[in-house]
Amino acid sequence: MQVGAGVSETVPDSEEATARLDLFRYLTADLAGEYRAIMSLFGSTLLADLSAAEVSDGLAQRGVVLSVEEVTTRCEQLERWGNLVRGIRDARVATVQDYVRSRARYQASKLGVRVHREAEAIVAAGDGAREVARELLGATAETLDRIVARMAAATDARPVDAEALSGDVTTVFNNQRLFSDSVRDFYAYVNTVLTRYDLAGEEYQQFKRLLLDYIDLLTADVARHAPVVARRFAALEPVLDDVLAALAGLPTLQSADARTERLPGRTREDWEHVRGWYTGADGRSGPETLRMAADQALGQLLANTKRMLASAGTGVSRRADLLKLAAWFDGADADQAHRLYAAAFGAYPARHLLGGPEEPDPRDGATTSWWAATPVEVPLSLRERGDRGARGRTSSVPDPGLDRVRLLAEAQGVADARAAAVRELVAAGRLDGAEVSPAALSLLLGQLTRLLAVHPQLEAAARATDTDLGLTLEAVPDPAATTTLRTPDGDLTVHGLVLEVAAAGTPAAAAPSSPAAASSATATIGADAEAHAPTHPEPAEVLA
């Protein structure tokens, strides 16, 4: 997985790279513990310039006892590997022996300190997953906003604050480096766990929650913040040269003997590299790579789940069984171990035992060689589980006929009820004063809602036809008219509309004309039918 850190580095030539590999030798040498203790002592303080005697005293305080001669030998070896360099100090001594001893002073080299710092960090790191610094994506977008704002506010009379600008630039690249490193470590851990064949039980449950919850959260954050950061880089592109010029005006470190290692973000190459992570200018973008890694991890998780759910075969992990078998071997003597091995792995002597009538060829007897005998078909249960017992029984195929009849009857009942409601409304015709059932009222309200949705500014007569139900609803606006329907659940009153229902394809009777028929009926349904006792129905108001 390619996750760019956003910092370009110059790769040393082959000879220099080979020489730098010696810096790691002390970590795997025979006396690695003593070498690490010496390097920890030199790296604990700045500008540590110590003699062999001072190193011996410092190690004794840390619980490592070495003589001055042994310390001298170790320091000379570290010097040859490049981890230490000779220290130079003007010594005022009384004897030649003290002068020679004072010259044997050592300091930690730059690369030696860096190697030791990273090595100790790896030794101290845990084996579990590392949290991803996903909050840095939003912080990066905010920092880029500040950089763009600083450059926009800069003028000839009031130049940009180069120190503050430098801090923001360094923050952007440090955030990107930390985020990239944490993503690499996290997915490296995920890949390590996914390759384990013995993942099961509570450990599997924890890892499943890690993938389903944390990776989903990480992917969502990247999908939300990455486009924002990419747009900020695009906004910064026109003033990037001015940013680099302002940073170049700050005091820098100059070295005559070697190339100075500058902070990130001081060259255009650095900016193009980190911008390419979000935009994919150099190939596949970082967000796309993270999405592919998440899909791959979830796919492998599903494969492990299928393996765990398998009821037989080699798909199930045998880790627990093998650990138990190893414990038996550990407590067994020689004879018991032989019998245990034969029972566990089937390492019995080769004997041809007649199996009865199911033998393919009765001519194969006890003296027939295995090479010449006819192969015998071994049942699956015996081959996979070591027993002949049948597992479970053949399940019967369910008959869907009864369910089909029940569903058809329910659908027919619903259709019959709707047809009865349609017949009620068609029989009523002009709906003012009609008595209908609650089902017919509900059907009418649905048709009226459709009509008013199609004609919100009802200024003339309008119709709504439902060919499935076979009815046509006509609404004629009349500010002086009201349409009241009575039901056992209560009354419904529609103001300003004359409503009439007819069968589909049959023209409705002309509604009485009114001078205000062309006025606008602009309100939608505004009240629900109120339920009251049948003997005292109260009208429910509907404003059209």
Exercise for review: Output the residues belonging to the stretch 114-158 that are surrounded by fewer than 18 Cβ atoms within 10 Å (Cβ to Cβ), in contact with a helix residue (DSSP H, G or I) (Cβ under 6 Å, 6 or more places away or on another chain) and free of Cβ contacts under 8 Å to residues at least 24 places away in the same chain.
Suggested key: 146
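If you go through the stretch 25-36 one residue at a time, do you hit one that is in contact with a Gly (Cβ under 8 Å, 6 or more places away or on another chain) and among the hydrophobic types (A, V, I, L, M, F, W, C)? Working first, answer last.
First, pick out the residues of the stretch 25-36 that are in contact with a Gly (Cβ under 8 Å, 6 or more places away or on another chain): none.
Scanning the stretch 25-36, I find no residue that is in contact with a Gly (Cβ under 8 Å, 6 or more places away or on another chain) and among the hydrophobic types (A, V, I, L, M, F, W, C), so the answer is no.
Of the residues 442, 437, which is over 52 Å from the mean Cα position of the chain (by Cα), polar (S, T, N, Q) and surrounded by 10 or more Cβ atoms within 10 Å (Cβ to Cβ)? So that I can check it myself, show each step before the final result.
On the way: 442 fails: over 52 Å from the mean Cα position of the chain (by Cα).
The conditions single out 437.
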Exercise for review: Report yes if some residue within the stretch 160-167 is over 30 Å from residue 321 (Cβ atoms) and not in a helix (DSSP H, G or I); otherwise report no.
Suggested key: yes
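Conditions tested, residue by residue: (1) at pLDDT 70 or above; (2) assigned by TED's automatic domain parsing to the domain that holds residue 500; (3) loosely packed, with under 10 Cβ neighbours inside 10 Å.
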{"site": "368", "(1), (2), (3)": "yes, no, no"}
{"site": "379", "(1), (2), (3)": "yes, no, no"}
{"site": "385", "(1), (2), (3)": "no, no, no"}
{"site": "394", "(1), (2), (3)": "no, no, yes"}
{"site": "424", "(1), (2), (3)": "yes, yes, no"}
{"site": "427", "(1), (2), (3)": "yes, yes, no"}
Revision key, fill the gap. (1) modelled with pLDDT under 90; (2) aromatic (Phe, Trp, Tyr); (3) surrounded by fewer than 18 Cβ atoms within 10 Å (Cβ to Cβ) all hold for residue 24 apart from (1)
Review point. Residues in the stretch 200-221: is at least one basic (Lys, Arg), assigned to a helix (DSSP H, G or I) and surrounded by fewer than 20 Cβ atoms within 10 Å (Cβ to Cβ)?
Key: yes
Review point. How many residues, within the stretch 260-285, are touching a residue at least 60 places away in the same chain (Cβ under 8 Å), surrounded by 15 or more Cβ atoms within 10 Å (Cβ to Cβ) and assigned to a helix (DSSP H, G or I)?
Key: 5
Revision key, fill the gap. The condition from (1) of a type outside the set (Asp, Glu); (2) within 18 Å of residue 291 (Cα to Cα); (3) in a helix (DSSP H, G or I) that residue 232 misses is numbered (2)
Exercise for review: Please go through the stretch 34-70 and pick out each residue that is without any contact (Cβ under 8 Å) to a residue 40 or more places away in the chain, farther than 18 Å from residue 118 by Cβ and in a helix (DSSP H, G or I).
Suggested key: 54, 56, 57, 58, 59, 60, 61, 68, 69, 70
Revision key, fill the gap. Only one of 36, 80 is surrounded by fewer than 12 Cβ atoms within 10 Å (Cβ to Cβ), at pLDDT 85 or above and touching an Asp or Glu at 6+ places or on another chain (Cβ under 9 Å), namely 80
Practice item. Determine which single condition residue 405 fails, assuming it passes every other condition in (1) part of a helix (DSSP H, G or I); (2) β-branched (Val, Ile, Thr); (3) closer than 25 Å to residue 505 by Cα. Key: (3)
Review point. Does the stretch 97-113 contain at least one residue that is farther than 30 Å from residue 188 by Cα, modelled with pLDDT under 80, small (Gly, Ala, Ser) and surrounded by fewer than 12 Cβ atoms within 10 Å (Cβ to Cβ)?
Key: no
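The values are calculated or read from the model by the stated rules, or taken from the named source; none is laboratory data. Keep in mind it's a predicted model, so treat the numbers as computed, not measured. Positions of Cβ are generated from backbone atoms using ideal geometry, with glycine treated the same way; all protein chains shown enter the neighbour counts.
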